[in-house]
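The values are calculated or read from the model by the stated rules, or taken from the named source; none is laboratory data. This structure is a prediction, so every number in the text was calculated from the model and none was measured. FYI the Cβ positions are ideal-geometry reconstructions off the backbone, even for glycines, and counts take in every protein chain you see.
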Ligand code: GLN
Ligand code: ZN
């Protein structure tokens with residue numbers, strides 16, 4: 001443990017935000033207990049105060065004195081900001097609940113009132129709640145939360161820096177409230193919003209706050225000139241406020257580019273830039289090109305806040321040394337809030353000890369910034385022990401057979417363009433598939449999973465714990481497959497699935513069977529609210545030692561004369577929902593995963609599987625934030641998919657599935673996947689996709705989901721027939737598939753039975 005002060009002066013190290021999950025998931029559990037009515041509001045508050053104190057104490061014991069506050073949240077920081085500026089929608093305010101329950105009503109809805117919409121926070125897997133604004137929105141300040149958290153940190157002797165979502169980011173992430181006439185742009189409210197931020201700054205200054213942090217990640221996206229102009233005006237105005245703390249404007253997740261001159265000229269005292277990973281060189285280059293940040297503090301995000309790898313400390317020291325000429329003061333930090341990484345790698349006792357040292361989770365990243373800060377202030381000699389340790393870790397990782405499997409590397413090198421293409425164009429292979437499968441027009445199918453009952457989940461968990469042996473487990477899963485196949489036959493579906501009872505998660509299931517991936521025990525990362533996920537980590541070269549799905553698919557096929565679809569997760573989705581390697585381009589990792597999947601595809605084919613579905617629901621979310629980088633991403637992403645699927649015979653039908661239908665700029669990439677059938681969301685987007693695809697010249701089969709599985713509602717036959725009729729206006733009957741819009745795992749069996757019966761009847765009525 002490092003001493004809390006270094007030679008009497010504060011350590012130039014900080015972070016932009018910390019995970020909120022609490023020790024042993026204490027905060028998450030307390031919030032859920034409150035929702036269930038098992039914990040009082042007072043006890044929830046107590047847990048929150050305790051867990052925040054634990055975070056502050058951790059930061060203090062790591063030697064940090066300037067730390068973020070107000071980064072804690074009961075649900076989401078955008079929702080907290082909405083509360084701070086008094087933008088609670090009328091429908092939630094009118095419930096007449098107290099503040100806490102109004103807050104949760106906005107997050108989760110009530111029996112009668114819909115929650116706020118939720119969407120992805122930039123290109124992370126965190127989801128925020130979307131503020132609803134309109135021309136009549138009035139803003140009023142409620143600074144209780146930032147003040148409270150600041151005061152708590154102060155009692156521990158810390159100089160806390162309240163974190164607020166900045167005004168531009170808040171407005172850019174908002175949408176027009178329901179019922180507001182089209183054409184309303186939330187950014188038009190900036191003049192009305194800024195006085196509330198000015199007032200917040202004044203209240204924080206009065207409470208003794210030295211620095212405040214305004215998070216403006218929208219500045220790393222392409223923004224229209226009007227938004228950049230609004231950013232300039234906003235920072236000017238807040239900067240000129242007389243009564244305020246020093247302002248740190250934080251950007252992260254990418255390249256500041258055209259926003260950099262605005263930040264440089266703004267009358268604020270500090271700027272945070274993402275100087276990690278892919279962004280480091282370009283942001284540094286641009287920083288030098290504009291002449292640095294004279295008179296300002298640069299919070300240098302040299303530690304990757306979004307990935308899990310131990311940093312190369314010597315390389316970062318060298319980088320920090322070049323920064324001194326570019327700003328008045330340098331403070332070392334992770335590139336973004338540590339919200340996006342797990343808490344502490346020392347909890348991962350199941351990992352090989354040497355491999356565990358390759359990782360840095362939040363706790364370890366805090367030590368990294370403290371170490372670097374000591375290195376730059378007191379000289380590298382003072383951190384020689386840490387540097388040597390780090391050298392050893394990096395050398396071990398670089399030389400490990402896990403990261404360098406010559407067979408995998410040679411195989412990727414030897415792939416050619418031909419491997420990425422089906423042997424025959426769709427028009428020629430379609431008749432062969434039709435002959436082999438003998439399907440009617442408007443064939444019916446499902447997306448893969450069938451309802452997952454608590455009994456099923458507990459069976460998997462007991463097997464995993466070793467309570468039950470493999471023979472028992474196999475029998476249990478087979479019984480489930482028997483049941484699902486019989487059900488589908490009774491319902492009269494045309495292309496069946498085995499139901500995925502053996503899968504805990506569509507990525508983790510495969511990650512556990514591939515070399516090069518590890519999974520964690522405690523690596524929880526917030527997805528939204530109290531929902532946390534444990535992404536697997538790609539640690540090394542990926543290969544597939546043994547078939548992963550063939551046993552289940554073949555067993556299912558043995559029960560029925562109808563075709564059973566093989567079901568795999570695509571390479572892009574495997575990577576988007578995992579932590580990825582930082583020691584080679586993502587494209588390389590994607591091609592390794594693709595070849596592993598290709599082996600599975602081949603084995604399925606050899607086992608007689610005639611239809612293979614490779615799900616890519618994350619294709620769109622992998623899109624880089626900046627438009628200029630998207631074509632390159634789409635190039636390798638689609639190539640990886642085709643590398644996984646391109647080797648099949650003409651009469652094997654390749655399907656893919658995506659959980660959305662507004663393809664927008666990925667439309668041509670989706671067509672480039674060259675699948676035989678694509679199923680997608682549709683029930684909620686009114687089948688607009690059928691028109692989009694046919695307009696773009698998409699040649700093959702399409703199954704716009706007609707049954708919305710996100711709702712317990714059972715659609716009736718007339719409604720489904722109507723949707724199919726509309727789809728038939730754009731897609732000929734020979735290419736239109738009839739299916740739900742996603743997997744059925746979250747529904748119960750009664751709903752599924754009734755809905756699928758109607759779906760089959762609707763298809764039959766149109767044949
Ligand atoms: N095959 C998967 C399932 O049915 C697809 C899930 C998804 O699209 N997210 O569950
Ligand atoms: Zn889906």
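Only one of 590, 607 is out of contact with any strand residue (DSSP E or B) (no Cβ under 7 Å at 6 or more places or on another chain), farther than 27 Å from residue 484 by Cα and touching a residue at least 12 places away in the same chain (Cβ under 8 Å); which? Give the steps one after another, and end with the answer.
Working: 607 fails: farther than 27 Å from residue 484 by Cα.
Sole residue among the options that is out of contact with any strand residue (DSSP E or B) (no Cβ under 7 Å at 6 or more places or on another chain), farther than 27 Å from residue 484 by Cα and touching a residue at least 12 places away in the same chain (Cβ under 8 Å): 590.
Which one of these is farther than 30 Å from residue 314 by Cβ and in a helix (DSSP H, G or I): 413, 409, 388?
Values: 409 fails: farther than 30 Å from residue 314 by Cβ; 388 fails: farther than 30 Å from residue 314 by Cβ.
Being farther than 30 Å from residue 314 by Cβ and in a helix (DSSP H, G or I) holds for just one of 413, 409, 388, which is 413.
Residues 764, 751: which one is crowded, with 16+ Cβ neighbours inside 10 Å and closer than 26 Å to residue 481 by Cβ?
Working: 764 fails: crowded, with 16+ Cβ neighbours inside 10 Å.
Only one candidate qualifies: 751.
Determine whether segment 701-708 contains at least one residue that is assigned by TED's automatic domain parsing to the domain that holds residue 603, surrounded by fewer than 20 Cβ atoms within 10 Å (Cβ to Cβ) and more than 16 Å from ligand 1 (Cβ to nearest atom).
No.
Against the definition (under 26 Å from residue 392 (Cα atoms), crowded, with 24+ Cβ neighbours inside 10 Å and free of Cβ contacts under 8 Å to residues at least 60 places away in the same chain), how does residue 318 come out, yes or no? Walk me through it before giving the result.
Values: under 26 Å from residue 392 (Cα atoms): yes; crowded, with 24+ Cβ neighbours inside 10 Å: no; free of Cβ contacts under 8 Å to residues at least 60 places away in the same chain: yes.
The answer is no for residue 318.
Looking at segment 426-513, what helices (runs of 4 or more DSSP H) fall wholly within it and have at least 3 residues that are out of contact with any helix residue (DSSP H, G or I) (no Cβ under 9 Å at 6 or more places or on another chain)?
Working: elements: 426-437, 454-465, 470-491, 508-511.
Qualifying helices (runs of 4 or more DSSP H): 426-437, 454-465, 470-491.
Would a scan of segment 715-734 turn up a residue that is within 16 Å of ligand 2 (Cβ to nearest atom) and either buried (at least 23 other Cβ atoms within 10 Å of the Cβ) or modelled with pLDDT of 95 or more (or both)?
Residues of segment 715-734 that are within 16 Å of ligand 2 (Cβ to nearest atom), as a first pass: none.
Taking every residue of segment 715-734 in turn, none turns out to be within 16 Å of ligand 2 (Cβ to nearest atom) and either buried (at least 23 other Cβ atoms within 10 Å of the Cβ) or modelled with pLDDT of 95 or more (or both).
For segment 618-630, indicate whether the set of residues that are touching a strand residue (DSSP E or B) at 6+ places or on another chain (Cβ under 7 Å), away from ligand 1 (no atom under 15 Å from the Cβ) and part of a loop (DSSP other than H, G, I, E, B) is non-empty.
Within segment 618-630, none of the residues are touching a strand residue (DSSP E or B) at 6+ places or on another chain (Cβ under 7 Å), away from ligand 1 (no atom under 15 Å from the Cβ) and part of a loop (DSSP other than H, G, I, E, B).
Kindly list the number of the only condition in (1) more than 16 Å from ligand 2 (Cβ to nearest atom); (2) modelled with pLDDT of 95 or more; (3) not in a helix (DSSP H, G or I) that fails for residue 758.
(3)
Of the numbered conditions (1) away from ligand 2 (no atom under 16 Å from the Cβ); (2) under 30 Å from residue 483 (Cβ atoms); (3) modelled with pLDDT of 95 or more, residue 669 fails exactly one; give the number of that condition.
(2)
Taking the options 652, 675, 721, name whichever one is within 16 Å of ligand 1 (Cβ to nearest atom) and more than 22 Å from the chain's Cα centre (by Cα).
Numbers: 652 fails: within 16 Å of ligand 1 (Cβ to nearest atom); 721 fails: within 16 Å of ligand 1 (Cβ to nearest atom).
None of the other options fit; the residue is 675.
List, please: which pairs have Cβ atoms under 7 Å, are six or more places apart or on different chains, and start with a residue in segment 480-506 that is on the phi > 0 side of the Ramachandran plot and end with one that is in a helix (DSSP H, G or I)?
Pairs that qualify, where the first residue is on the phi > 0 side of the Ramachandran plot and the partner is in a helix (DSSP H, G or I), are 492/760; 499/480; 499/481; 499/484.
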